[in-house]
Structures are given as C-alpha cells and as structure tokens.
Amino acid sequence: CLLEGMKRIFEHIGGVPPRLRFDNMTTAVAQVLKGTERVLTDGFTRFMLHYRFQAEFCNPASGNEKGNVENKVGYSRRNAFVPVPTITSFEAFNEQHLWPWCEKDAEREHYLRKVPIQELWLEEKAALLKLPEYPFPVFRYASVTVNKTGFAVIDTNKYGLSPTLAGEVVQAKVFFDHIEFYHDHQFIARFRRCYGTREEIYDWTQYVSTLVRKPGAVEHTRFFQHIPAQWRSFLEGSQGKERKNALQLLEEMVKDGNAALCDDALQLAMENGRTDADSVRQCYYLIAKKEYRPEPLVLHNPPVMNYNPNLTAYDSLMGGEQHG
C-alpha cells in the first residue's frame, strides 16, 4: 500500500521528488542501525532505485522531527474525511473527491509564507525528477503449498483454489488490492486481497468440477451459499441424474468463462416453462453461442462442366445393347 500510494502520487504530480523523508516504518525499514544507517526492505529498495529518489529517515522515538507532518495528517482527516464518507470504490473516491479536494486546498494561503500553496508548489515542481518510462509493478511473489482442502494461506487468510491442487505448490502475485495465483506457469484464480485475520475467501466456480463427482453433497458444502440464488433453488429441487446433469452444465459454463450467464440461461428456460437441465443447456447455447451462418460461395468465371458421361465401357461389360 505504501509503494502503490507513492507511485500514484508521482504519476499525479508528473514527477518524482529527488529527496523524501520517512518514518522508520517496517514496510520500508527492515532494521534500524546506528545514526542514519538503515537496512531497507527489498521491495522498498527496488522501488527507490526505480524512481531514483533519495530516502532519509527520522531518528527513532523523535516525535519532534515530524510534528508538522502529524499536524497535516490531522488537518486532512478533519477536512477531507468529515463527515466520514461512504466509499464503495477507492478509484472513484480518489478521482471524484480526494484529488479535487487536494487541488482546491492548494489555493489557500500558506501559514508562514503568506502566499497561495499552489505558487510554492509550482516553484518546487521544477525540481522534480522525470518519471521513468515504465511504471514500477507493485507486487510481491510468494510460493504456497495448497492444503488438503484446497486452500492457500497468505498472511493467515485462506484463499480457496481447486481441490485438485491439494498438496501442490502454487505461486502468488500479491498486490495491494488483489492476489493472483498461478500453477505450472498457468493462471488459475484471482481474489480480492483480504486484510482481516484467519478469514476464508473463495470462489464457488472453483469447486463445481468437484461437485460433479459428488452431486449429493451440494447443500453441505461451505460455499453453497455463494452459488447464485436461482441455481441454489434449482439444485435443491433436483436429484440423482438430473442434479448431476445440472452440475455438468454449470461446470461447462464455468470452463467457458461464462459463469455470469448462468442465471440468464436458467431464467430464460423458466420463462418458457421448462426447468429441466437439458432445456437450460439449450437456453445457455442460445445466449452464449453465436449463430454461425456462412455466406454463400461466390465463384467468379466458374469452369464449364460436361455432364454427359460416356457409358460405352459399361455397355461392353454388360453385353452392350444386345444384352439390354
């Protein structure tokens, strides 16, 4: 989050400050040594080298060195976040509220210089370093062994992968807001990143292929409530071969990448008075599979064919006209 936030600020202001001062946060500092010496984390070091800025760090337990910054944090909290906003999307909140508020706030007079903050900023802006050609990809790698129930653990939280991967080692790309999982160089799943503790995050589509083998266990699985409501009712009302057929269709939709269409196919079948799995399948094909009608073949200057075969050879074999 620290690196992603800094990256977005650099991109917004159009450059990189040549010198930045930091607290001794563990996301940047792995170990505090004597004086100004610090052992930095690998991620922060790579980020710093990519953007070419110099990092300076406050002395430990020296609040007097950063009082002005703490005051600015309080000012921003009281003015930009009161009343407490309802945020459904960080991207939308930043673009529609936070960035405009920052630009507007820069029009006020500086408490010491008695000129608009924006004027002071324009003077400082000339000293910015140029942005690198390519932005820094902010993520970290982690190798995780999938447990016997198909979950991979990242920062105490469990992410549900396919049970067929139990015991396998998968690679995770951990971003600030999501995690991507790969196995044998192939992408297998993407989840929002959880910042809770010991929580379970899973996607019902990862388990459909397993349920096809055990259709009777559908209602007893932990992720059944995550299946779309219409399909939950549909599966609860079916048994035996019909339920397995319905699960096979659901598996087909997931493999096609059309899980979002499962409710539409079921709804279309119900509107036509059909609730069997084969009818739902036909509705799915109608929605998802584009009808293909090839254009008529057009021949330019087609060859002239002679359709008057010579049957003399056959006549001789059959005894000719006398045989007839």
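The values are calculated or read from the model by the stated rules, or taken from the named source; none is laboratory data. Computed from a prediction, not measured in an experiment: that's the story for all the values here. Here Cβ is always computed from backbone atoms with ideal geometry, including for glycine, and neighbour counts include all displayed protein chains. Accessible surface areas use protein heavy atoms only, side chains included; no ligands, DNA or RNA. Shrake-Rupley method; radii C 1.70, N 1.55, O 1.52, S 1.80 Å.
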So, counting K/R as plus one and D/E as minus one, what does the shell of residues with Cβ under 14 Å around Lys130 add up to?
-> 0
Rounded to the nearest 0.05, what FRET efficiency do Cys102 and Met270 give with R0 = 51 Å and r taken as the Cβ-Cβ distance? Could you check?
-> 0.50
By accessible area with a 1.4 Å probe, ligands and nucleic acids excluded, highest first: order of Tyr51, Tyr202, Tyr141 | Tyr141, Tyr202, Tyr51
Of the accessible area of segment 1-86, computed with a 1.4 Å probe and all protein chains kept, carbon and sulfur make up a percent value of 55 percent
Given a cut-off of 29 Å, name the pairs among Lys7/Lys255; Lys66/Lys104; Lys34/Lys130; Lys72/Lys125; Lys148/Lys255; Lys255/Lys290 whose C-alpha atoms lie farther apart than that in the structure shown.
-> Lys7/Lys255; Lys34/Lys130
Here are some values of Cα extents along the principal axes in Å: (1) 124, 61, 42; (2) 63, 45, 35; (3) 61, 61, 42. Which one was computed from this structure?
-> (1)
Put His97, His178 in order of accessible area, largest first, probe 1.4 Å, and you get His97, His178
So how exposed is Trp101, as accessible area in Å² (1.4 Å probe, rounded to 10)?
-> 50 Å²
Might you work out the accessible area of Leu311 for me, using a 1.4 Å probe with all protein chains in place, and round it to the nearest 10 Å²?
-> 90 Å²
With all protein chains in place and a 1.4 Å probe, Tyr314 shows an accessible area in Å² (nearest 10) of 150 Å²
Probe 1.4 Å, all protein chains present, accessible-area order of Met48, Met25, largest first | Met25, Met48
Segment 221-324 - percent of accessible surface contributed by carbon and sulfur, probe 1.4 Å | 52 percent
